[in-house]
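One structure below.
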Amino acid sequence: MGGHILKIQSLVANFGIALVGLCAFSYSVLKKGIRGINAYLILIGALYSVFMILSLFYNGNADYLDLLWIWAYMGIAILTYEFEISKRTYWNVAYFIIALICIYMVKGGTAASLLSMGSQNNISAYVIFFVIMGYLSIMKEKRAIKYYSSFLTLAICLWTGSRAGIISASLLLVGTFLYNFLAIKGQKIKSLAKWCVLICFAVWAVTHFLGKYLLGLTAKLNRYGSGSIRTEIWREYIQGIEENIGNFFLGANTSNGTYRWLSFYNGNTHNSFLMLHAKFGLLALGLLIFLIFLVVHKAIKEKNYIIIIILLTASARMFYDWIAFPGLYDVLFWYMYLYILSRQDYEDRRLEQLNE
């Protein structure tokens, strides 16, 4: 996001992110040793790399440099999960970004002019990501979550007019309330009272500060209805994978001029899950679905409902834009792989101690 706001060229910004991620991966290996990194995680990274190479040979959607993103985002996830970074750090970053945008809003700035490149929809994607990272930082504690971040996230999404952002932020807000109300003992009355107060304040604040943006959003909905050019793009890609078995298993070529809207948007399906299929193939998509099943199963078993809120919010936002595979939201899914493998790590260490 800093690359967007500070008008840094996309190539430089992407190189910086990749460098940070690869340094994080290298640091994790040096600090923990190669044996300290879960072997299953490395295997999953290798599988995704193989899937991408096979898809690249078939349809040319990916690039060899895309392989770096797999390990770069894995490195960031390992660093954040394994080294117990303070939860205050995550929340400080999230609130810093929210504060910058809110100051910009109060000064009369427009969402369209906030970013030097990319769509204003990216604003909601960034804000939701960093708030979600804050949620991940307290996931192990299973404590009550304050509502401020989710309310402010929804306000920013309303300001941007991003329908995908509004849907995702609403899921985050409602999920937070249900978690505090149902999952945290002794919080029902307190949570309900806070919810009512914040709802009343939010209604006043939205009508007072965001009235003109709501009018713009209403006009946008009246103009486009529930339809979107995204649905045409998705329809084209689905038609493409139905053409032959190769496209079905390895992904359809999205930028060869065969498909009108896919070609117009340079092969961007505006859906992270379809981009996963396009760049990695069906096996990678199947592996991701299996991951989601394992995450939900483990979260329910451990009553760790925060991660389910995160999964629903992130998936909803990813459904409407290419922000993962590869993209920033990859960090969340590598984090979830680590969450699944954490028990195996514990059991392996326990067996080593017993054998000593």
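Once Rh for the stretch 220-302 is found with the Kirkwood sum over Cα pairs, what is the Stokes-Einstein diffusion coefficient at 37 °C and 0.692 mPa s, in µm²/s?
Details: Rh = 14.2 Å.
Roughly 232 µm²/s, to the nearest whole number.
Order the peptides 139-151, 266-278 from the highest to the lowest mean number of other Cβ atoms within 10 Å of their residues. Show your work: numbers first, answer last.
Working: 139-151: 17.2, 266-278: 22.9.
For the peptides 139-151, 266-278, the packing ranking is 266-278, 139-151.
Ordered by packing density, taken as the mean number of other Cβ atoms within 10 Å over each peptide's residues, highest first, how do 72-82, 122-132, 57-67 rank?
Descending mean neighbour count gives 122-132, 72-82, 57-67.
Since every read-out is calculated from the coordinates, none of them should be taken as a lab result. Computed from a predicted model, the values in this text were never measured in an experiment. Neighbour counts run over all protein chains shown; Cβ positions are idealised from the backbone, glycine included.
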